[in-house]
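The structure appears below as structure tokens.
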Amino acid sequence: MSFKKGKIRPVKRIPIDNTQEYEEGFDVISGAITVIFQQQARELSYELLYRTAYKLTIRQFGERLYHDVEREIAQYLESTAEKTIVPAFINSSSESSSTADAGSAFLKTVKKVWDDFTTAINLILQVLYYLNDRLPKYNLPSVYDMGLGLFRDKVIRSEKYPIQKQLISAMLTQIQLERNGDVIDHSSIQAAVAMLVELNDPVTNNTVYAVDFEAEYLETSTSFYQIESQKLVSSYDAPEFMRKVEKRLEEEYERTVHCLSMSTEVKIRTIVETQLIANNLKTLMEMKNSGLESMLTADKYGDLSRMYSLFARVPAGLNEMKAFISDYILSLGAQVNQQINSDLKSKSPTLEKGSGNIAIRWVLEVLALQDKFDKILDFAAAKDKSFQTAFNEAFEKFINENQKSAEFISLFIDENLKKGLKGKSDDEIDDVLDKTIMLFRFLQDKDVFERYYKQHLAKRLLFNRSVSDDAERSMLSKLKRECGYQFTNKLEGMFTDMRLSSEMNGYFKDYLEKSPPADGVPPFDVSVTVLTSTFWPMNLSASPKCIMPPTVTQACKAFESFYFDRHNGRRLTWQPQMGSGDVRAHFRKSKHLFNVSTYAMVVLLLFNTENTLSWEDIKKMTQIADQDLKRTLQSLACAKYKVLVKSTKGRDILPDDQFSFNNDFTSNMARIKIQALASKVETDSERKNTQDKVDEERKHQIEASVVRIMKDRKKMEHNLLIAEVTKQLSSRFMPSPVMIKKRIEALIDREYLERSAEDRRAYRYLA
């Protein structure tokens, strides 16, 4: 049996019409898109539609399908713009409806078209889901993005109809109406903004909101606030102006939060701040009867705080405010200085009270200013460090413009430590001392203050005038913290002398009891203070002339005998101008115990044997210097307690004056303290003498500083040396370059330094 070899042939395919297949499929999809836009999508079979789009996509009709759908959507949007949106803005411009309502109605129409379209495009996306996933292969945007682009170009930016212009105008009009006080529908603006934010501009790659709306919104806002600025300035005072600005800022913020994009918030805020605040800084501060000066004068912390907050919003605001307040502080300080100096020149003070009270008044007025601006700093400037620095610089400037400020501050401390702190608690005492230290910090010439403080402290210690030893030491500790050990070294030495003298007087009393001198024990109690000459501010090397009563001379010799038995190689120089004594006086109707200076005691004892003495008699019998004798006689015959009677009226002591014991003197007090009268504020000649002593001491300090620096550096250029010396001494005083240069020359003459051979502007240290 034989078999014939056969062949297997492939089935012959029947050609399919691709065009027909696509058109049939697209007809289905096109019809569905129409139904979707008609808002009847529930009648559709999405499974059928999805399979149809899927089939066309895998048959390589994806790109064609995409563009045909794009055309269908474009046609729908063009028709919608013509039939729905255009009539809406035509109606909104009719005169029969209010501007606010008409604009809102137009925006609501656009919102409805937008909402319907986004709903429809999402449904179309479901139909074309498979195609949408493969669009990157064709380098085409997603179906949803394509739809948004068509809405932008066919509706919002339609070339046929001025929809864009009408939309932006309606939005801006609504905002303008609200700025003018009308009530508007925020939701309509909010919806329009949300729509524009979702649409992108293909050129700038920004949102249509930013390109089409925001730019024009900011431009119209600038124009509005330019006019608003002029209106507010002309209509309101400074506090009301600021309240209006705050309200505008709050309104714009709320509008941005609830209606616009937050990307606009900084921009619109900047416009309001620039037009209402930055452009009106000086105008606002200088407003007559309501500006910054009026607020400062009346301590209007609320208004000042509001100004600080508003000015902090603009770049130059706080600097302008600081500069204004600094100038204001300087003007107040100048007034205080001028008034005090005028009072000192015009006043014929009772020497004890007048000028001293003026000095204290100056300090109190400065402290009142300091307290005033401390509160302004705390309550109105948010404790801003830059403001505090500016305030301090202003205080420092006007305080140092008063050449007597160091003396005044020392006098103020002196007054408080003598009697001003009596009855105060520890906290109150500490508060007063802290305030004086605060003023002390402002002083540039702290060495001048040190000299005055030494003089005043010496008198308090020697005449036992301090109200509290603890307060004295507390003040000393504060000065030590401020300036260091060197500043207070001699002051502490003065306290040490007082302590050792107290102990020594106890030993002296025992000495008198156990080993009485050959010429007998003094008939009165003796207390001697031994001072170390290098610690105390007065010249202790010479003893002023004064003829003491025999009993006092006897007491001095007894103490010398006691002292030299215990200390070899030392020398005592008696200083009667610094002592005091108790004198019991008997008058016709009363008797009193007077605490007086040593000079006054010597003068009073003369009247034990004489009823009347002339100026010349007293001078001859006591040998007291003229100036000291005049002050002593003034305290006894011209002050509150007239123990002596002067032959002529007035306070001046004349060469032909006669003095007699006032036998008719009466007082309710058994013990009376009569202080020697002296001008508490130095005269011009005394101040010059003090300054000369300070200058002399400064020479030594500058030279010591130069030597210290050069010993360490070995070689140094002139300007660098000047700068370093100034830096080292600035805590005590500000040396001038001329003064430093003179001391350098003096050191070169004395061969501590030499000029460098390589550079004549440099110096070398010579060991």
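Of everything in the stretch 632-641, what is in a helix (DSSP H, G or I) and under 49 Å from the mean Cα position of the chain (by Cα)? Give them in sequence order.
Here is the first cut: in the stretch 632-641, the ones in a helix (DSSP H, G or I) are 632-637.
Once the filter is applied, which keeps residues that are in a helix (DSSP H, G or I) and under 49 Å from the mean Cα position of the chain (by Cα), the stretch 632-641 yields only Ser635.
Looking at the stretch 649-732, what strands (runs of 3 or more DSSP E) fall wholly within it and have at least 3 residues that are without any contact (Cβ under 8 Å) to a residue 60 or more places away in the chain and farther than 17 Å from Arg631 by Cα?
Working: elements: 658-661, 671-673, 715-717.
Per the criteria, 715-717.
Sort out which residues of the stretch 343-370 are modelled with pLDDT of 85 or more and either surrounded by fewer than 20 Cβ atoms within 10 Å (Cβ to Cβ) or over 15 Å from Asn400 (Cα atoms) (or both), and write them in order of number.
Initially, the stretch 343-370 is screened for residues modelled with pLDDT of 85 or more, giving 359-370.
Correct list: Ile360, Arg361, Leu364, Glu365, Leu367, Ala368, Leu369, Gln370.
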Item checked: the stretch 373-395: number of residues that are buried (at least 17 other Cβ atoms within 10 Å of the Cβ) and of a type in the set (Gly, Ala, Ser) -> 4
Next item on the list: Please give the strands (runs of 3 or more DSSP E) falling wholly within the stretch 551-631 in which 1 or more residues are of a type outside the set (D, E, K, R) and free of Cβ contacts under 8 Å to residues at least 24 places away in the same chain.
Entry: 580-586
Note to self: Being touching a strand residue (DSSP E or B) at 6+ places or on another chain (Cβ under 7 Å) and either closer than 21 Å to Leu284 by Cβ or not aliphatic (A, V, I, L, M) (or both): is that true of Thr207 here?
What the structure shows: yes
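Does Asp628 satisfy the condition of being within 22 Å of Phe594 (Cα to Cα), crowded, with 19+ Cβ neighbours inside 10 Å and acidic (Asp, Glu)? Don't jump to the end; show me each part of the working.
Working: within 22 Å of Phe594 (Cα to Cα): yes; crowded, with 19+ Cβ neighbours inside 10 Å: yes; acidic (Asp, Glu): yes.
Taking the combined requirement at face value, the residue satisfies it.
With in contact with a strand residue (DSSP E or B) (Cβ under 8 Å, 6 or more places away or on another chain) and under 28 Å from Arg481 (Cα atoms) as the only criterion, which of Val706, Val725, Val694 stands out? Show your work before the answer.
Working: Val725 fails: in contact with a strand residue (DSSP E or B) (Cβ under 8 Å, 6 or more places away or on another chain); Val694 fails: in contact with a strand residue (DSSP E or B) (Cβ under 8 Å, 6 or more places away or on another chain).
So the residue among Val706, Val725, Val694 that is in contact with a strand residue (DSSP E or B) (Cβ under 8 Å, 6 or more places away or on another chain) and under 28 Å from Arg481 (Cα atoms) is Val706.
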Next item on the list: Go through Val155, Val127, Val143, Val211 for me and flag whichever is in contact (Cβ under 8 Å) with a residue 40 or more places away in the chain and under 59 Å from the mean Cα position of the chain (by Cα).
Entry: Val155
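Do we have Lys711 as farther than 30 Å from Phe442 by Cβ and assigned by TED's automatic domain parsing to the domain that holds Thr609 here? Lay out the reasoning, then the answer.
Values: farther than 30 Å from Phe442 by Cβ: yes; assigned by TED's automatic domain parsing to the domain that holds Thr609: no.
Spelling it out, it is not the case that Lys711 is farther than 30 Å from Phe442 by Cβ and assigned by TED's automatic domain parsing to the domain that holds Thr609.
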Check: Assuming Leu461 fulfils every condition listed in (1) among the aliphatic types (A, V, I, L, M); (2) within 29 Å of Lys419 (Cα to Cα); (3) buried (at least 19 other Cβ atoms within 10 Å of the Cβ); (4) not assigned by TED's automatic domain parsing to the domain that holds Glu428 apart from one, which condition is it?
Finding: (4)
Note to self: Among the residues that make up the stretch 667-676, is at least one of them polar (S, T, N, Q), surrounded by fewer than 15 Cβ atoms within 10 Å (Cβ to Cβ) and over 25 Å from Asn400 (Cα atoms)?
What the structure shows: yes
Next item on the list: Give the residue that is surrounded by the most Cβ atoms within 10 Å (Cβ to Cβ), with candidates limited to residues of the stretch 303-340 that are of a type in the set (A, V, I, L, M, F, W, C) and not in a helix (DSSP H, G or I).
Entry: Val314
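Could we say that Pro544 is touching a residue at least 40 places away in the same chain (Cβ under 8 Å), within 30 Å of Lys619 (Cα to Cα), touching a Lys or Arg at 6+ places or on another chain (Cβ under 6 Å) and not β-branched (Val, Ile, Thr) here? Show your work before the answer.
Working: touching a residue at least 40 places away in the same chain (Cβ under 8 Å): yes; within 30 Å of Lys619 (Cα to Cα): yes; touching a Lys or Arg at 6+ places or on another chain (Cβ under 6 Å): no; not β-branched (Val, Ile, Thr): yes.
Spelling it out, it is not the case that Pro544 is touching a residue at least 40 places away in the same chain (Cβ under 8 Å), within 30 Å of Lys619 (Cα to Cα), touching a Lys or Arg at 6+ places or on another chain (Cβ under 6 Å) and not β-branched (Val, Ile, Thr).
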Note to self: If I ask for residues that are surrounded by 14 or more Cβ atoms within 10 Å (Cβ to Cβ), over 22 Å from Ala600 (Cα atoms) and small (Gly, Ala, Ser), which ones from the stretch 522-565 would you list?
What the structure shows: Ala558, Ser561
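Residue under question is Ala53, and the condition is that it be within 28 Å of Tyr161 (Cα to Cα) and assigned to a helix (DSSP H, G or I); does it hold? Give the derivation first.
Working: within 28 Å of Tyr161 (Cα to Cα): no; assigned to a helix (DSSP H, G or I): yes.
In short, no.
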Next item on the list: Give the stretch 22-47 a look and list any residue that's surrounded by 12 or more Cβ atoms within 10 Å (Cβ to Cβ) and at pLDDT below 90, or say none.
Entry: Ala41, Leu44, Tyr46
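Return the residue satisfying two criteria in turn: it lies in the stretch 166-192 and is of a type in the set (A, V, I, L, M, F, W, C) and assigned to a loop (DSSP other than H, G, I, E, B), and of such residues it is nearest to Thr256 (Cα to Cα). Please lay out each step first, then the result.
Taking the stretch 166-192 first, the residues of a type in the set (A, V, I, L, M, F, W, C) are 167-168, 170-172, 175, 177, 183-184, 189, 191-192.
Retained after the next criterion (residues that are assigned to a loop (DSSP other than H, G, I, E, B)): 183-184.
Working: Val183: 16, Ile184: 14 Å.
Looking at residues that are of a type in the set (A, V, I, L, M, F, W, C) and assigned to a loop (DSSP other than H, G, I, E, B), I get Ile184.
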Checklist line | Checklist (1) surrounded by 12 or more Cβ atoms within 10 Å (Cβ to Cβ); (2) of a type in the set (D, E, K, R); (3) under 30 Å from Met548 (Cβ atoms) applied to Glu503, failing item | finding: (1)
Item checked: Glu696 over 19 Å from Glu450 (Cα atoms) and outside the structural domain of Asn595 (by TED's automatic domain parsing) -> no
Next item on the list: Please specify each residue of the stretch 579-595 satisfying the condition of being touching a strand residue (DSSP E or B) at 6+ places or on another chain (Cβ under 6 Å) and not small (Gly, Ala, Ser).
Entry: Asp582, Val583, Arg584, His592, Leu593, Phe594, Asn595
Note to self: When the residues of the stretch 250-301 are narrowed to those that are part of a helix (DSSP H, G or I) and in contact (Cβ under 8 Å) with a residue 60 or more places away in the chain, which ends up surrounded by the fewest Cβ atoms within 10 Å (Cβ to Cβ)?
What the structure shows: His258
Margin query: Being more than 53 Å from the chain's Cα centre (by Cα), surrounded by fewer than 14 Cβ atoms within 10 Å (Cβ to Cβ) and not charged (D, E, K, R) is the filter here; which residues of the stretch 642-657 pass it?
Written below: Thr648, Leu654, Pro655
Note to self: Residues to consider are Asp692, Asp712; find the one that is among the acidic types (Asp, Glu) and closer than 30 Å to Ser405 by Cα.
What the structure shows: Asp692
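The values are calculated or read from the model by the stated rules, or taken from the named source; none is laboratory data. Treat the numbers as computed from the prediction; the structure is a model and nothing was measured. All Cβ positions, even for glycine, are placed from backbone atoms using ideal geometry, and neighbour counts span all protein chains on display.
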